[in-house]
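The next block holds one structure in the form of structure tokens; read it before the comments.
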Ligand SMILES: C[S@@+](CC[C@H](N)C(=O)[O-])C[C@H]1O[C@@H](n2cnc3c(N)ncnc32)[C@H](O)[C@@H]1O
């Protein structure tokens, strides 16, 4: 089934490849490279996988065209077509569950975050568009865009563990103002 992302796969892959050197991507690769057994929810065109090849990494996305693109580019990888609202894994299946700039595109983001927590054993790591004002929905079309106030995400994830977060500022101005949230889950 097509998603709102389906017709933009080639353009977006190009765009995200160009952004590969941005601060948050480099930092995220550094953080994740210390883990084995990673699920990446909303993996898109598999840009993060390029830095994860030696690790046990599973990429999941609900856009068929992105999963096809990942299979073509990285046939040795594990790519799953599924919706983050219902992750097809047992509880505690992965040491760490990551999502990079995904929750800000999902109106029911809490449900997806709860699924990520359910299948994660130790950590959930979320990179999301964040700003200093209250959380707002900026757009519904062509895809959902939420700007989170950090308190919204910190309050939510604190129910499940200890949250550390920080800004990661990029060179392209506020449009790419992102923060990384690292949630150490309670046992
Ligand atoms: C902005 S892109 C980020 C892609 C990738 N994480 C990256 O940083 O390059 C958002 C991705 O989330 C996926 N996505 C959005 N909603 C989803 C859902 N409910 N379940 C799974 N994937 C979803 C989209 O298909 C898209 O690939």
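Each value in this text was obtained by applying a stated rule to the coordinates, not by laboratory testing. Given the structure is predicted, the values throughout are model-derived calculations rather than measurements. Don't worry about glycine lacking a Cβ; one is built from the backbone with ideal geometry, like all the others, and counts go over all protein chains shown.
Just subtract the alpha-carbon distance of residue 4 and residue 54 from 0.36 nm times their residue separation and send over the number in nm, one decimal.
Values: separation 50, 0.36 × 50 = 18.00 nm, distance 3.17 nm.
Extending this stretch completely gives an extra 14.8 nm.
Determine one quarter of the surface area of the Cα convex hull of segment 1-70, which equals its mean projected area, and express it in nm² to one decimal.
Over all viewing directions, segment 1-70 projects a mean Cα-hull area of 4.6 nm².
Order by neighbour count: 57, 24, 74, fewest other Cβ atoms within 10 Å first, most last.
Numbers: 57 24, 24 20, 74 17.
Fewest-to-most ranking of 57, 24, 74: 74, 24, 57.
Over all directions, how big on average is the projection of the convex hull of the alpha-carbon atoms in segment 1-143, in square nanometres? Walk me through the numbers on the way to the answer.
Details: hull surface 34.2 nm².
Projected over every direction and averaged, the Cα hull of segment 1-143 covers 8.6 nm².
Using a Förster distance of 35 angstrom, determine the FRET efficiency expected from the C-beta separation of residue 166 and residue 141, and round it to 0.05. Write down the numbers at each step before the final one.
Values: r = 31 Å, r/R0 = 0.89.
For R0 = 35 Å, the calculated efficiency reads 0.65.
Multiply the residue separation of residue 81 and residue 11 by 0.36 nm, subtract the distance between their alpha-carbon atoms, and state the gained length in nm to one decimal. Each step should come with its number before you reach the end.
Numbers: separation 70, 0.36 × 70 = 25.20 nm, distance 2.02 nm.
23.2 nm is the gain from fully extending residue 81 to residue 11.
Just to be sure I understand the model, the point goes 7 Å from the Cα along the line to the Cβ. What's the resulting residue 91 to residue 18 distance in nm?
Reported label-point gap for residue 91 and residue 18 is 4.6 nm.
Determine the distance separating the Cα centre of segment 107-127 from the Cα centre of segment 83-100; give it in Å without decimals.
7 Å
For a Förster distance of 41 Å, can you work out the FRET efficiency between the beta-carbons of residue 132 and residue 73, rounded to the nearest 0.05?
Details: r = 37 Å, r/R0 = 0.91.
The value I calculate is 0.65.
For the residues 99, 33, what sequence is obtained by ranking on other C-beta atoms within 10 Å, fewest first? Provide the component values of the computation, followed by the final result.
Numbers: 99 26, 33 13.
Lowest count first: 33, 99.
Rounded to the nearest 5, what is the percent of antiparallel bridges among the DSSP beta bridges in segment 6-185? Please list the in-between numbers first.
Numbers: 18 of 37 bridges.
So the antiparallel bridges amount to about 50 percent of the total.
If each residue's Cβ is checked for other Cβ atoms within 10 Å, how do 29, 34, 6 rank with the fewest at the top? Kindly include the intermediate steps, with their values, before the conclusion.
Working: 29 15, 34 8, 6 12.
Ranking 29, 34, 6 by Cβ neighbours within 10 Å, fewest first, gives 34, 6, 29.
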